[in-house]
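Notes follow the structure.
Every read-out reported here was derived from the displayed coordinates using simple, explicitly stated rules and does not represent laboratory data. These numbers come from a predicted model, not from an experiment. Glycine gets a Cβ as well: all are built from the backbone with ideal geometry, and neighbour counts include every protein chain shown.
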Amino acid sequence: MKRNERWRRITLRQLEIFEVVARHVSITRAAEVLHLTQPSVSIQLKRLADTVGQPLFEASGRGIVLTDTGKELAGTCRELQAVWAYFESRIEDQSELRRGRVTISVVTTAKYVLPKALGLFCRKYPGIEVDLDVQNREGVLARMRDRLDDLHIMSSPPVDARILAEPFFDNPLVVIAPPDHKRGARPATLESLAGQRFLLREPGSGTRLAIDEHLGKTGVTLASRMVIGSNEAIKQAVAGGMGLAIVSRSVLSGSDFDDVQILPVRGFPIEKPWHIVRWRDHRLSPAAQAFLDFLTDYAATLRSSATQAKKLRKA
Ligand code: PGA
């Protein structure tokens, strides 16, 4: 009989019965332990020995002893039990969040917010690994189509019944200009700024999509455009006086305000909240579910501290 054929024919029940008989070196005792009749234990042992192709026990005095093949099989049964016990401990670890892995892809603007949440999550669950991939919207959508990740973060999620998208956090898009750019007493209109050079993200970017939609809706045409495929490079270029830009407010941190200013412009900010997006039929692992719950709570905390800060500013 070929090796795999034996494996296919043997049943776990036969191995379980054999292991008990081998441990007690007694069919009578094994039958008692297993609550079976002696003949049914003997039948299972005979079937097992037939499949193995060699006797597993032999008579010795009034009892039985294991043959060499029987001893080998008894050792194999112990190993199988140990492997199974290891498997069980691993799935227990997973469900109790002692270990696991989450993969997440986020758009470039969200990378300014996500790593902090990730740090807090990893401190809470040190055994869980998180793989974070940062791409523009098109790249995140491609990863999503290939089902590479558990969760995705982007604004303007695709409208598709197979996809679940929950709002995650505010993502206002603002107009930025060099610090010496003149501002009037009242907010400018986009039309009044449209004659200046605008630095735009590349096609495929979610920020760019939102800008194009806004321009389409308002009928404003930008006279001079330059494409720069990175939020950081856009900030630097604006700081260097190359033009104006529309960027996610999240890409600006405290020190950036030495180099750029947010211009008050009518119709701005454009609100494009990020969403946590996933396939409806994707079963989240315990680790991925824990990350999703954590992110949801984290966003709620951020929102309430933002509201509080607003109230304090008004007071
Ligand atoms: P982007 O996407 O990084 O591709 O500009 C931003 C977004 O989806 O909000």
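Summary of values
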quantity: Across K111/K272; K111/K217; K111/K235, pairs whose alpha-carbon gap is larger than 25 Å; calculated: K111/K217
quantity: Inter-label distance for L148 and E271, nm, one decimal - labels placed 7 Å from Cα along Cα-to-Cβ; calculated: 3.3
quantity: Base-10 log of normalised Debye intensity for region 184-251 (one unit scatterer per alpha-carbon) at q = 0.12, 0.15, 0.22 Å⁻¹; calculated: -0.30, -0.47, -1.02
quantity: For region 246-271 versus region 57-111, the gap between their alpha-carbon centres in whole angstrom; calculated: 55
quantity: Distance cut-off 16 Å, percentage of C-alpha pairs in region 246-315 lying past it; calculated: 70
quantity: Exposure proxy ranking, count of Cβ atoms within 10 Å, fewest first, for T307, T103; calculated: T307, T103
quantity: Only Lys, Arg (+1) and Asp, Glu (-1) charged, at Cβ; the chain dipole about Cα centre in debye; calculated: 500
quantity: Expected-Rg normalisation [2.2 N^0.38 Å, Cα atoms] applied to region 112-156; calculated: 1.28
quantity: Measure of compaction for region 1-156 (Cα Rg per 2.2 N^0.38 Å); calculated: 1.76
quantity: Using distinct alpha-carbon pairs, which all enter the 1/r mean, Kirkwood radius of region 48-90 in Å; calculated: 11.7
quantity: Whole-angstrom gap from region 6-31 to region 143-170, using each part's C-alpha centre; calculated: 51
quantity: 5 angstrom amide H check on T67, placed H, neighbours 5+ away; calculated: F57, E58
quantity: The chain - convex hull of the alpha-carbon atoms, volume per residue in Å³; calculated: 208
quantity: For region 169-314, diffusion coefficient by Stokes-Einstein and Kirkwood Rh (Cα), 10 °C, 1.306 mPa s, µm²/s; calculated: 93
quantity: Reachable aspartates and glutamates from K71, criterion Cα separation under 14 angstrom, eight or more residues apart if same chain; calculated: E19, E58, E79
quantity: Degrees, to the nearest 10: 68-95 long Cα axis against longest axis of the chain; calculated: 30
quantity: Fewest-first sequence of S230, S253, S205 by Cβ atoms within 10 Å of each Cβ; calculated: S253, S230, S205
quantity: Contact order normalised by residue count of the chain, Cα under 8 Å, 6+ apart, percent; calculated: 20
quantity: Cα pair distances in region 129-192, grouped into 10 Å bins until the bin that holds the longest one, percent each; calculated: 14, 36, 19, 20, 10, 0
quantity: Translational diffusion of region 5-48, µm² s⁻¹ [Kirkwood Rh, Cα pairs; Stokes-Einstein; 25 °C; 0.890 mPa s]; calculated: 238
quantity: Interchain or long-range residues, amide H under 5 Å from L263's placed H; calculated: V175, I176, A177
quantity: Amide hydrogen neighbours beyond the local backbone of V130, cut-off 5 Å, H modeled; calculated: V102
quantity: Per-residue ³J(HN,Hα) for region 214-223, Karplus 6.51 cos²θ - 1.76 cosθ + 1.60, θ = phi - 60°, Hz, x for Gly and Pro; calculated: 5, 5, x, 5, 8, x, 7, 10, 7, 6
